[in-house]
Amino acid sequence: MASVALTLGALLALLVALLAVPLTVVFSIHRMEETEGYVRFRWLFGLVRFQLRIPRAAKARPRPTPAPKKKAKPPGRTRKKSNARGIVSLLRQSAFRRRVCKFIRDILTATHARDLFLRLRIGLGDPADTGRLWAIIGPVAGLAQNLRSATVRIEPEFIDPVFEVETHGRFRLVPIQVIALTAAFMLSPTMLRAWWRLRRGNG
């Protein structure tokens, strides 16, 4: 038993040591009607390198018009509407907005962004809901503007539902620090209540 515990302890220490090695992430993402781009990773002082490509979304082929049938709700539409209502209800809670803002601020500080460019145009199709979303995005945009060599432009759209992104830059982060921040965020009382609320609304 002692040898097993010693082995597990050594493996855990090795894992922690590996996660403490800085990771460099270079990315470029563009989304208008379709999403495309790439994310490049460099780890272990350049010994590990790989790239993830974000392909264009495949366009659906036209299908022949079927014979008229009794209309039925498309599968998943009810669930999507329920999820949207749940998210909007969370945005109405000031405690949830504050916790999300704090998490984003912590992540921005921990990831040491360089040459960051972000242009985001976003709207939920309802002025009130977009205003609540802006209560989170607005302060984050102001914080991002203070980052060194960062250009951030976020435009709310209060009339039509829209999500357009153009971004590129570089992050240098310590994985174990980001994991710890994310775990603290996910397991915080505010987020646990939010997950429970969403699950109960979809149940």
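Could you grab me the full set of residues in region 144-180 that are surrounded by fewer than 16 Cβ atoms within 10 Å (Cβ to Cβ) and out of contact with any strand residue (DSSP E or B) (no Cβ under 8 Å at 6 or more places or on another chain)? The answer is 146, 176, 179, 180. From the set of residues in region 1-40 that are part of a strand (DSSP E or B) and of a type in the set (S, T, N, Q), which is surrounded by the most Cβ atoms within 10 Å (Cβ to Cβ)? If we take residues in region 1-40 being part of a strand (DSSP E or B) and of a type in the set (S, T, N, Q), then 24 is surrounded by the most Cβ atoms within 10 Å (Cβ to Cβ). If only residues of region 103-125 that are assigned to a helix (DSSP H, G or I) and touching a residue at least 12 places away in the same chain (Cβ under 8 Å) are counted, the one that is nearest to residue 185 (Cα to Cα) is 103. Of the residues examined, residue 194 is one that is more than 24 Å from residue 40 (Cα to Cα) and touching a Phe, Trp or Tyr at 6+ places or on another chain (Cβ under 7 Å). Scanning region 148-197 for residues that are of a type in the set (Lys, Arg) and within 20 Å of residue 25 (Cα to Cα), we see that the one that is modelled with the lowest pLDDT is 148. When the test is whether a residue is part of a helix (DSSP H, G or I) and open to solvent by 80 Å² or more (accessible area, probe 1.4 Å), residue 199 passes it.
For every residue, the table says whether it meets (1) in contact with a Gly (Cβ under 9 Å, 6 or more places away or on another chain); (2) at pLDDT 70 or above; (3) among the polar types (S, T, N, Q).
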position	(1), (2), (3)
98	no, yes, no
105	no, yes, no
110	no, yes, no
118	yes, yes, no
139	no, yes, no
146	no, no, yes
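If the condition is being touching a strand residue (DSSP E or B) at 6+ places or on another chain (Cβ under 7 Å) and either assigned to a strand (DSSP E or B) or within 23 Å of residue 108 (Cα to Cα) (or both), then region 41-56 contributes 41, 42, 43, 49, 50, 51, 52, 53, 54.
The values are calculated or read from the model by the stated rules, or taken from the named source; none is laboratory data. Predicted model, so just to flag it, every value in this text is computed and none were measured. Heads up, the Cβs are rebuilt from the backbone with ideal geometry, glycines too, and the neighbour counts pull from every protein chain shown. For the accessible areas, the whole protein counts, side chains as well, though only heavy atoms, and no ligand, DNA or RNA atoms are used. Shrake-Rupley method; radii C 1.70, N 1.55, O 1.52, S 1.80 Å.
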